[in-house]
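Okay, so here's the structure we're looking at.
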Amino acid sequence: MSSDGPTITSLELEDRRFPPPPEFAAQANATQELYEQAAGDPEAFWLARTKELLTWESEPTQGVDRSNPPFFTWFADGTLNASVQCLDRHLAARGDQVAFHWEGEPADEREAVTYRDLHERVCRLTNGLRERGVGKSDRVAIYLGMIPEIVVAMLACARIGAPHTVIFGGFSPDSVRDRVLDCGVTAMITGDGAWRGGKLVPLKANVDAALEGAPDVHTCVVVRRTGNEIGWVEGRDVWYHELVERQATEAEPEIVDAEHPLYILYTSGSTGKPKGILHTTGGYLTGVAATHRWVFDLKDDDVYWCAADVGWVTGHSYIAYGPLANGATSVLYEGAPGTPDKDRWWEIIARYKVSILYCAPTAIRTFMKWGVEYPQRHDLTSLRLLGSVGEPINPEAWIWYRENIGGGRCPVVDTWWQTETGAIMISPLPGVTTLKPGSATRPLPGITADVVDANGQSVPLGAGGYLVLDEPWPSMLRTLYGDDDRFVATYWSEYEGKYLAGDGCRRDEDGDYWLLGRIDDVMNVSGHRLSTIEIESALVDHPKVAEAAVVGRTDETTGQAIAAFVTLKGHIAGDEALIAELRQHVATKIGAIARPKSIVLTDDLPKTRSGKIMRRLLRDISENRHLGDVTTLANEDVVADIANQAEAARAADKE
Ligand code: WTA
């Protein structure tokens, strides 16, 4: 980051406002008071919250320990077990309550898993893993699709005190091996295969290839899901059903210190090898339980659905640990949104009478592209609250979500957070906050954030800059696994004492936060730093546009020029006239400075498997650079097509 550059220039103004409906506010879990309670003494606030939300074996007497920054600890003298928080303590009151309505991708495969069932399954697997020699502090990798066993596996590890590392089922053997080695994994839990979009993902074959280079893995437990032929390594491999069948239905939980590692989750850095984000037990559970209760306003009769994959942090915090710690009833869906038809999600919502839906902007934009006829086929009136996570949400997508999914009556909570933060940091409270489409609004009670310039000075309201979190919070990452130096260098060395989130942000005149994308998604055009998201939102605002990605490309005159990639709605055909119209549309919405230099129309945008648009790749395409690793792409074949068109656009530029 240069030390004297201007702060991010932010041009777009979105002035629609949605105050909380009075009926919602009247019954909401979280009230304005929470902010006030927290503001006085955040540490005491969190200590009180953790005692209220968790059942500690021995209660902590201290909040945060700041003696060795940035290695903060929370509730360090308390002891507990995470699986007890999620299961045992609910059995008396909620044993027969459904924890997960599981829905398989193939039609008619369903299961209602109660808290009692889940407890028994976790205990059996705990005993099975112990039989195989897995003990406290051993690292266990989990590589499964979206079936109940993925949650069972996480909780069994937690019961043993063995940190898990869940590897998203879409990763290649090489990625699996890198993580297994980096983490020093000795046991794995996988499946024969997984269903995704009607296709079989060969999990076991991938694991076999990965483990060729990982001789320390002594045990591989295999869940039978798809029934395909698989390879077998005698001595190492064991069928899940055979292992658990012979086990007792109770298993002693390992009581651990609050700071005992709960899991390691790998996330890609902007360069280099993936970072192993380490979360510990007490602070993490406090953060996810509190935020799940406040932000999603969870009530006993809610049916909650977080449509993320358990392989990402959203699934860890808001499918597994947060909802289970709170005793929620959730939906767990195995498959793709378009299988067998484009109304699958809406069918699921109607079937289980889902009341809270939490998903990603990329899903919402896909549904916009598919059209309203799909949600309109089903009764969605059970919904009362909608959430968004993972990317900035364009105001048009936000409004579409509110109108077409939420029937105009459900608050939409845009939740900003990261793998590193463990839990939601910046988000509306649905019974308190006046919503603004595209804004994550304010830091939650007990969280303090700031927007700073390149010198670390707070920028005035109305200006843009870099988002930092300036006080430790309970669910924060504790380090990068095995790499304290990289932890300090990545997050804590830019500004003294502040956590650098790596996102650009603007605070408006009311103090509400507008996330502007990753810092490396910020462009510099003629000395103005422009955020990619604002231009993308202006494009998506055009009635014919479904989705847009914007990157900066080197330009002799302006430093960087704006290159846009656009997919159109439905079957609209694009031509030069439409491209001119889109460029003008952005100029009209934001200003001439933001007019894209080139627009490439494409059927799809390159996305990571978690659905984030890969702007890095689009930058490489725009710069005509050699394309780096594309193996984490969900849709590799779109790349060649886009590259050809971008080449043509560049050639036209020179003429
Ligand atoms: C982005 C996902 C804007 C952001 C929970 C962050 C968001 C990165 C939002 C973390 C949001 C997440 N608005 N941007 N509501 N939520 N992001 O680690 O750039 O997969 O730094 O965690 O996603 O992604 P991660």
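Touching a residue at least 12 places away in the same chain (Cβ under 8 Å), assigned to a helix (DSSP H, G or I) and either open to solvent by 10 Å² or more (accessible area, probe 1.4 Å) or more than 12 Å from the ligand (Cβ to nearest atom) (or both): is that true of Ile447 in this structure?
When the stated conditions are applied, Ile447 does not pass them.
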**OP:** Take His292 and decide whether it is crowded, with 24+ Cβ neighbours inside 10 Å, within 16 Å of the ligand (Cβ to nearest atom) and not in a helix (DSSP H, G or I).
**Re:** no
Original post:
Within region 534-555, is even one residue touching a Gly at 6+ places or on another chain (Cβ under 6 Å) and touching a residue at least 12 places away in the same chain (Cβ under 8 Å)?
Top reply: no
Original post:
Which one of these does Leu469 not meet: (1) under 21 Å from the mean Cα position of the chain (by Cα); (2) more than 29 Å from Glu534 (Cβ to Cβ)?
Top reply: (2)
Original post:
Which residues, counting only those in region 509-559, are open to solvent by less than 30 Å² (accessible area, probe 1.4 Å), within 15 Å of the ligand (Cβ to nearest atom) and not aliphatic (A, V, I, L, M)?
Top reply: Asp512, Tyr513, Trp514, Gly517, Asp521, Ser531, Thr532, Glu534, Glu536, Ser537
Original post:
Which residue pairs have Cβ atoms closer than 6 Å, lie 6 or more positions apart in sequence or on different chains, and pair a first residue in region 383-394 that is free of Cβ contacts under 8 Å to residues at least 60 places away in the same chain with a second residue that is within 6 Å of the ligand (Cβ to nearest atom)?
Top reply: Ser388/Asp414; Ile393/Asp414
Original post:
Only one residue in Thr314, Thr339, Thr286 is crowded, with 23+ Cβ neighbours inside 10 Å and more than 16 Å from the ligand (Cβ to nearest atom), so which one is that?
Top reply: Thr286
Original post:
Among the residues of region 360-399 satisfying the criterion of being away from the ligand (no atom under 16 Å from the Cβ) and aromatic (Phe, Trp, Tyr), which is least open to solvent (accessible area, probe 1.4 Å)?
Top reply: Phe367
Original post:
Say we look at region 400-432 and pick out the residues that are open to solvent by 10 Å² or more (accessible area, probe 1.4 Å) and β-branched (Val, Ile, Thr); which of these is farthest from Lys589 (Cα to Cα)?
Top reply: Thr419
Original post:
Which of the following residues is in a loop (DSSP other than H, G, I, E, B) and not polar (S, T, N, Q): Arg409, Arg402?
Top reply: Arg409
Original post:
Of all residues in region 84-108 being under 22 Å from Ile189 (Cα atoms) and aliphatic (A, V, I, L, M), which is surrounded by the most Cβ atoms within 10 Å (Cβ to Cβ)?
Top reply: Leu87
Subject >> Conditions (1) modelled with pLDDT under 80; (2) buried (at least 18 other Cβ atoms within 10 Å of the Cβ); (3) in contact with a helix residue (DSSP H, G or I) (Cβ under 8 Å, 6 or more places away or on another chain): number failed by Thr631 >> reply: (2)
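So that you can scan it fast, the table gives a plain yes or no per residue for (1) more than 23 Å from Pro70 (Cα to Cα); (2) away from the ligand (no atom under 13 Å from the Cβ); (3) in contact with a helix residue (DSSP H, G or I) (Cβ under 6 Å, 6 or more places away or on another chain); (4) open to solvent by 30 Å² or more (accessible area, probe 1.4 Å):
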{"residue": "Leu243", "(1), (2), (3), (4)": "yes, yes, yes, no"}
{"residue": "Thr249", "(1), (2), (3), (4)": "yes, yes, yes, yes"}
{"residue": "Glu259", "(1), (2), (3), (4)": "no, yes, no, yes"}
{"residue": "Thr329", "(1), (2), (3), (4)": "yes, yes, no, no"}
{"residue": "Trp346", "(1), (2), (3), (4)": "yes, yes, yes, no"}
**OP:** Output yes when any residue across region 354-372 is farther than 28 Å from Val432 by Cα, touching a helix residue (DSSP H, G or I) at 6+ places or on another chain (Cβ under 8 Å), without any contact (Cβ under 8 Å) to a residue 40 or more places away in the chain and not basic (Lys, Arg), and no when none is.
**Re:** yes
**OP:** Out of Glu111, Glu120, report the one residue that is out of contact with any Lys or Arg (no Cβ under 6 Å at 6 or more places or on another chain), open to solvent by 10 Å² or more (accessible area, probe 1.4 Å) and in a helix (DSSP H, G or I).
**Re:** Glu120
Subject >> Complete set of residues in region 176-202 that are among the basic types (Lys, Arg), in contact (Cβ under 8 Å) with a residue 60 or more places away in the chain and closer than 23 Å to Ile264 by Cα >> reply: Arg179
Original post:
Glu655 versus (1) at pLDDT below 80; (2) open to solvent by 30 Å² or more (accessible area, probe 1.4 Å); (3) within 30 Å of Gly315 (Cβ to Cβ): which is the lone unmet condition?
Top reply: (3)
Original post:
If you check Thr165, Thr186, which single one turns out to be open to solvent by 10 Å² or more (accessible area, probe 1.4 Å), in a strand (DSSP E or B), at pLDDT 95 or above and over 18 Å from Leu87 (Cβ atoms)?
Top reply: Thr186
Original post:
free of Cβ contacts under 8 Å to residues at least 40 places away in the same chain, in a strand (DSSP E or B) and within 15 Å of the ligand (Cβ to nearest atom), is that true of Leu500?
Top reply: yes
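The values are calculated or read from the model by the stated rules, or taken from the named source; none is laboratory data. Just so it is clear, the model here is predicted, and its values are computed rather than measured. When we count neighbours, we look across all protein chains shown, and the Cβ atoms used for this are built from the backbone with ideal geometry, even at glycine. Note: areas computed on protein heavy atoms with side chains; ligands, DNA, RNA excluded. Shrake-Rupley method; radii C 1.70, N 1.55, O 1.52, S 1.80 Å.
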